[in-house]
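The values are calculated or read from the model by the stated rules, or taken from the named source; none is laboratory data. From a predicted model like this one, the values you see are computed outputs, not experimental measurements. Neighbour counts are summed over all protein chains in view; Cβ atoms, including those assigned to glycine, are modelled from backbone coordinates with ideal geometry. The area values use the complete protein model at the heavy-atom level, side chains included, leaving out ligands, DNA and RNA. Shrake-Rupley method; radii C 1.70, N 1.55, O 1.52, S 1.80 Å.
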Amino acid sequence: MGVNVADMPVEKKDALSGVSPRLRFRLKERAIESLLQLAALTSVAITLGIVGILSYESFQFFSQISIIDFLTDRQWTPLFADAHYGILPLVTGTLVTTIVALLVAIPMGSLIAIYLSEYASRSVREFVKPALELLSAVPTVVYGYFALLFVTPALQQLWPGLPGFNMLSAGLVIGMMIVPYVSSVSEDAMRAVPTHLREGAFALGATRMQTALRVVFPSALSGITAAYVLGVSRAIGETMVVAIAAGMQPTLTLNPLEPAATMTAYIVQVSLGDVPHGSVAYQTIFATGLMLLLLTLLFNIAGHVLKKRYRQVY
Amino acid sequence: MTPIQQKIARRKALDRFFAFEGLMVMTAALLVLLVLVGQLMFDGLSRLSWQFLTSFPSRFPAQAGIVSAWVGTILVMLVTAMAAIPLGVGAAIYLEEYAPKNWATELIEINIANLAGVPSIVYGLMALGLLVYQFRLGQSFLTAGLTLGMLILPMVIIATREAILAVPPYVREAAYALGATKWQTVRDHVVPYSMGGMLTGMILALSRAVGETAPLITVGALSFIAFLPHPPWQDNFPYVSFQWLFDPFTVMPIQMFNWVSRPQEEFHVNAAAAGLILLAMTVVMNAVAIVIRARFRKRIHW
Amino acid sequence: MKAMDASQTVLKAEARGLNFFYGQAQALHGITLPIYDRCVTALIGPSGCGKTTYLRCLNRMHDLYPGNRYEGEVTLYPDRVNIVGPEVDPIEVRMRIGMVFQKPNPFPKSIYENVAYGLRIRDVSNRSELDAVVERALREAALWGEVKDRLQASALNISGGQQQRLCIARALATSPELLLFDEPTSALDPTATSRIEELVTELKQKVAIVIVTHNMQQAARVSDYTAFMYEGRVVEYDRTETIFTNPTVKLTEEYITGRFG
């Protein structure tokens, strides 16, 4: 390019003499971008780490224990002399506590969400939301204490025969714990429903309740499904409450009044003991972890499908 | 009353009942929080003392204390913050400001969303296999901090992205129009203006990590540690010491878990007292986060 | 029309056959348009006609978003750089060409830091130099008198009109060769608007100006040349006086007389 410097006004000189430092500038920009990209890629590395380690150890496990036995044997006694490796008792333990938790969290969370989004005044909302957030900020080990030493004794007043460890009290407490997750995500979804849809219902003479249940709730179903899925995966993965309050005895039962171990509680139990690295018992926790991860993934995928199906375009 | 008026009256009553029910359920949820705190106080308040804060765990419940636990929690959080915050903020900046719209970026985004849903104990298993045995970091502060760092990384990324998203595009354009480079725009504008949201997210993520127990049990926390780790300083050059990173660790929730799982009721009292301190830690962190959010919101309003 | 002295007819920039694409959609078709130094060129036309799109080509703002593509050229004089050429760094272009946006967009920093920012990213950190430039720019933007006692106050706490003049000062601080205004008064009240218009008329003594406006009176008041754009094309370009009194193209006349748009 023919640059005639003499023609240039003096003050413009900066911009032009800046050309050579620009290369240095550009290199710095590229270096920073690469660093930031690297940071973003660590999240992928973590996933690879999780999948890699769980698969590797599970592979070791399944090279010794048949996968058929793992899925069909009705006993889980890997630490005993007569070792059985049937995951079913742990899966039922997880399912029972999760179902109890959801029976609490979904109705409560949904009702709270409807109340906050459709009925509550601004000031109530501003007080209640942080308080609910606090409910989800309480450490899970504290909930475990609460389940074992408050809820179970209270339930024993109702059912005198209730064992000290039981899935009911653990499930109830997990349910309380995930109410805020369900309610806050559902509320966000309901508040995102445009006002004109509500006004349409009100104009037809609907009460607030009819508007909430027949217009707002169905319109927000996609987001509400996401809230439920979040609740489910929290309940499945919850560890400390069940480890403390449900007992650690793997039992194949669907009765929530009985003690039983969940997948997570089993992992805790083995970790607390002194199991040698590389033994089959050590590998069982990875196989259990893989099962847990797959179960969570399954629910997440199901939730994703439902979410897509209910998606509304306003 | 005409039939239609009756119908309206019935519907209104139903509506009022429904609102009442919502209010009740909400109150019940908040009541649980109150009962939980009340129970902990009832059981543990009397046990809180200087002795409890400064003693090591012991076989005798009345002599036991939490000094190794709270020191451990602070040190583990230090490692967690050092790991998760730079990586999380960097990743969020990359995704919001730099990343091209392509399949690779989408993969990273889906991956982060999925990681946020992985049960925390699975992180513990990964850390056990990878950090403890593969990288031979042992059952140490370093392992514990990195485990929790990985656990909260998706939370930090998601919160930071939200904070960055709140900076309106026209502010970025103003900077670019003056000839700012991407990094200058990020450093001078995007990051400072989203600092409130970022800090809030970081503190909330750390408060989550403070209460995490399961992954640390999996990694191999000891619940009976009757000594403090090496101090992070030393007498001669370079005066800082990283020896403590490789010491065995315990943290508050693990100490509490240990006491809860003992049959003796005296230990349950200790557990309640430890639970109160733990609860106070998370409540304070949450309160700080709320204050920061409010202050920054007042300072910068778009 | 005022008599034009020689300096006013020096070319500052010229678009030749400029096409612009948002992804697949072509937004500008063969724009050919001269921009004279020390003159105000106004771009008018109905919404969606491409006037803002064209303006944002001139400092490569479109490069901030993926999928955008330029064809043809826009030559910046005197060194004849093709500012939309892929080999040219958009940051260099923006360092030479300033922009003022539709809505005042000061940084949430102090008034002083807003004006000084352009210099700071050019690595000027000498305090007295910064002070001098901030004062000059604020004076040029006719804001000095109003803010000189509160330079450290937040830029968000002054009125909308003042904010827009602050944005002008911010752009002036780096002594741009060409200053782009994208409907700078559309968010302002009539008093603030007339102050900005006066300012534009004054500033053209120093710098070439391109202004996008949907307000035809404004174009008539402040500009020396006017281009009427429609559907991504320049329909007519001439001296402002000619465009408004004696347009050649029927469409221009219809727009000017308010029959559509």
Among (1) facing chain A (nearest Cβ under 9 Å); (2) under 30 Å from B:PRO57 (Cβ atoms); (3) open to solvent by 10 Å² or more (accessible area, probe 1.4 Å); (4) of a type outside the set (Asp, Glu), the one test that B:TRP183 misses = (2)
Given B:LEU245, B:LEU228, B:LEU278, which one is of a type in the set (A, V, I, L, M), away from every other protein chain (no Cβ under 11 Å) and open to solvent by less than 60 Å² (accessible area, probe 1.4 Å)?
-> B:LEU245
Just one of the numbered conditions (1) open to solvent by 20 Å² or more (accessible area, probe 1.4 Å); (2) closer than 19 Å to C:GLN164 by Cβ is not true of C:GLY23; which one?
-> (2)
Here are some residues: A:PRO259, A:PRO276. Which one is of a type outside the set (Val, Ile, Thr), within 13 Å of chain B (Cβ to nearest Cβ) and more than 23 Å from the chain's Cα centre (by Cα)?
-> A:PRO276
For the range B:53-97, name all the residues that are within 14 Å of chain A (Cβ to nearest Cβ), open to solvent by less than 20 Å² (accessible area, probe 1.4 Å) and within 17 Å of B:ASN270 (Cβ to Cβ).
-> B:ILE66, B:ALA69, B:THR73
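Scan the range C:202-222 for residues that are of a type in the set (S, T, N, Q) and open to solvent by 10 Å² or more (accessible area, probe 1.4 Å) and report the count. Explain how you work it out, then say what you get.
The initial filter retains those residues of the range C:202-222 that are of a type in the set (S, T, N, Q), namely C:205, C:213, C:215, C:217-218.
Imposing the further condition that a residue be open to solvent by 10 Å² or more (accessible area, probe 1.4 Å) reduces the set to C:205, C:215, C:217.
Total satisfying the criteria: 3.
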Failed condition for A:PRO194, given (1) more than 12 Å from chain B (Cβ to nearest Cβ); (2) open to solvent by 20 Å² or more (accessible area, probe 1.4 Å); (3) within 21 Å of A:GLY303 (Cα to Cα) = (3)
Neighbours by Cβ (under 9 Å, 6+ apart or cross-chain): first from the range A:64-80, among the basic types (Lys, Arg); second open to solvent by 20 Å² or more (accessible area, probe 1.4 Å) | A:ARG74/A:HIS84; A:ARG74/A:LEU88; A:ARG74/A:LEU252
Which one of the conditions (1) modelled with pLDDT of 90 or more; (2) surrounded by 14 or more Cβ atoms within 10 Å (Cβ to Cβ) does C:GLN8 fail to meet, given that it meets all the rest?
-> (1)
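Take the residues in the range B:199-225 that are touching a helix residue (DSSP H, G or I) at 6+ places or on another chain (Cβ under 7 Å) and over 30 Å from A:LEU135 (Cβ atoms); name whichever of them is surrounded by the most Cβ atoms within 10 Å (Cβ to Cβ). Don't jump to the end; show me each part of the working.
At the first step, the residues of the range B:199-225 found to be touching a helix residue (DSSP H, G or I) at 6+ places or on another chain (Cβ under 7 Å) are B:199-221, B:223, B:225.
So of that shortlist, the ones also over 30 Å from A:LEU135 (Cβ atoms) come out as B:220, B:225.
On the way: B:GLY220: 19, B:ILE225: 21.
Among residues in the range B:199-225 that are touching a helix residue (DSSP H, G or I) at 6+ places or on another chain (Cβ under 7 Å) and over 30 Å from A:LEU135 (Cβ atoms), the one surrounded by the most Cβ atoms within 10 Å (Cβ to Cβ) is B:ILE225.
Identify, please: which residue in the range C:117-130 is open to solvent by 30 Å² or more (accessible area, probe 1.4 Å) and of a type in the set (Gly, Ala, Ser) and is, among those, farthest from B:GLN184 (Cα to Cα)? Can you show your working first?
Filtering the range C:117-130 down to residues open to solvent by 30 Å² or more (accessible area, probe 1.4 Å) leaves C:120, C:122-123, C:125-129.
Going one step further and asking which of them are of a type in the set (Gly, Ala, Ser), we end up with C:125, C:128.
Numbers: C:SER125: 15, C:SER128: 23 Å.
So the residue we want is C:SER128.
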Note on the range C:131-174: residues surrounded by 21 or more Cβ atoms within 10 Å (Cβ to Cβ) and out of contact with any Leu (no Cβ under 9 Å at 6 or more places or on another chain) are C:CYS167
Could you list, in sequence order, all residues of the range C:65-81 that are in contact with a Gly (Cβ under 9 Å, 6 or more places away or on another chain) and open to solvent by 30 Å² or more (accessible area, probe 1.4 Å)?
-> C:PRO66, C:GLY67, C:ASN68, C:ARG69, C:TYR70, C:GLU71, C:GLY72, C:GLU73, C:ARG80
Which residues, counting only those in the range B:165-180, are open to solvent by 20 Å² or more (accessible area, probe 1.4 Å) and over 20 Å from C:ARG122 (Cα atoms)?
-> B:LEU165, B:ALA166, B:PRO169, B:TYR170
Reported set for the range A:104-125 where residues are over 23 Å from the mean Cα position of the chain (by Cα), in a helix (DSSP H, G or I) and either without any contact (Cβ under 8 Å) to a residue 24 or more places away in the chain or not assigned by TED's automatic domain parsing to the domain that holds A:SER186 (or both) is A:TYR115, A:ARG122, A:SER123, A:VAL124, A:ARG125
Answer yes or no: is there a residue in the range B:192-202 that is facing another protein chain (nearest Cβ under 8 Å), part of a helix (DSSP H, G or I) and modelled with pLDDT of 95 or more.
-> no
Those residues of the range B:135-146 that are open to solvent by 10 Å² or more (accessible area, probe 1.4 Å) and touching a helix residue (DSSP H, G or I) at 6+ places or on another chain (Cβ under 8 Å) come to a total of 5
Residue list for the range B:98-128, filter: open to solvent by 60 Å² or more (accessible area, probe 1.4 Å), closer than 30 Å to B:GLN139 by Cα and facing chain A (nearest Cβ under 8 Å) | B:ASN114
What is the one condition in (1) of a type in the set (Val, Ile, Thr); (2) in a helix (DSSP H, G or I); (3) closer than 23 Å to B:LEU279 by Cβ; (4) away from chain A (no Cβ under 11 Å) that B:VAL171 does not satisfy?
-> (3)
Candidates C:THR191, C:THR226, filtered to the one that is free of Cβ contacts under 8 Å to residues at least 60 places away in the same chain and either more than 20 Å from C:ALA142 (Cβ to Cβ) or more than 16 Å from the chain's Cα centre (by Cα) (or both) | C:THR191
B:PHE42 passes all but one of (1) within 10 Å of chain A (Cβ to nearest Cβ); (2) closer than 28 Å to B:LEU153 by Cα; (3) surrounded by fewer than 18 Cβ atoms within 10 Å (Cβ to Cβ); which number fails?
-> (2)
Report, ordered by the first and then the second residue, all pairs with beta carbons closer than 6 Å, sequence separation of six or more or different chains, a first member in the range B:15-39 that is assigned to a helix (DSSP H, G or I), and a second member that is of a type in the set (Asp, Glu).
-> none
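Considering only the range A:100-131, how many residues are more than 7 Å from every other protein chain (Cβ to nearest Cβ) and either of a type in the set (A, V, I, L, M, F, W, C) or open to solvent by less than 10 Å² (accessible area, probe 1.4 Å) (or both)?
Step one: of the range A:100-131, the residues more than 7 Å from every other protein chain (Cβ to nearest Cβ) are A:100-107, A:109-110, A:113, A:116-118, A:120-127, A:129.
Still in the list and also either of a type in the set (A, V, I, L, M, F, W, C) or open to solvent by less than 10 Å² (accessible area, probe 1.4 Å) (or both): A:100-106, A:109, A:113, A:116, A:120, A:124, A:127.
Matching residues across the range A:100-131 total 13.
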Helices (runs of 4 or more DSSP H) contained entirely in the range C:95-159, each with at least 1 residues that are facing another protein chain (nearest Cβ under 10 Å) | C:111-120
Would you tally the residues in the range A:28-66 being open to solvent by 20 Å² or more (accessible area, probe 1.4 Å), more than 8 Å from chain B (Cβ to nearest Cβ) and not small (Gly, Ala, Ser)?
-> 8
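If the requirement is being of a type in the set (Gly, Ala, Ser) and more than 21 Å from B:PRO169 (Cβ to Cβ), which of these qualifies: B:ALA69, B:ALA99, B:ALA92? Step through it out loud before you land on a result.
Values: B:ALA99 fails: more than 21 Å from B:PRO169 (Cβ to Cβ); B:ALA92 fails: more than 21 Å from B:PRO169 (Cβ to Cβ).
Just one listed residue meets the conditions, B:ALA69.
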Filter the range C:82-92 for residues that are more than 8 Å from every other protein chain (Cβ to nearest Cβ) and among the β-branched types (Val, Ile, Thr); the one that is surrounded by the fewest Cβ atoms within 10 Å (Cβ to Cβ) is C:VAL88
Is there a residue being away from every other protein chain (no Cβ under 12 Å) and of a type in the set (Ser, Thr, Tyr) anywhere in the range A:167-181?
-> yes
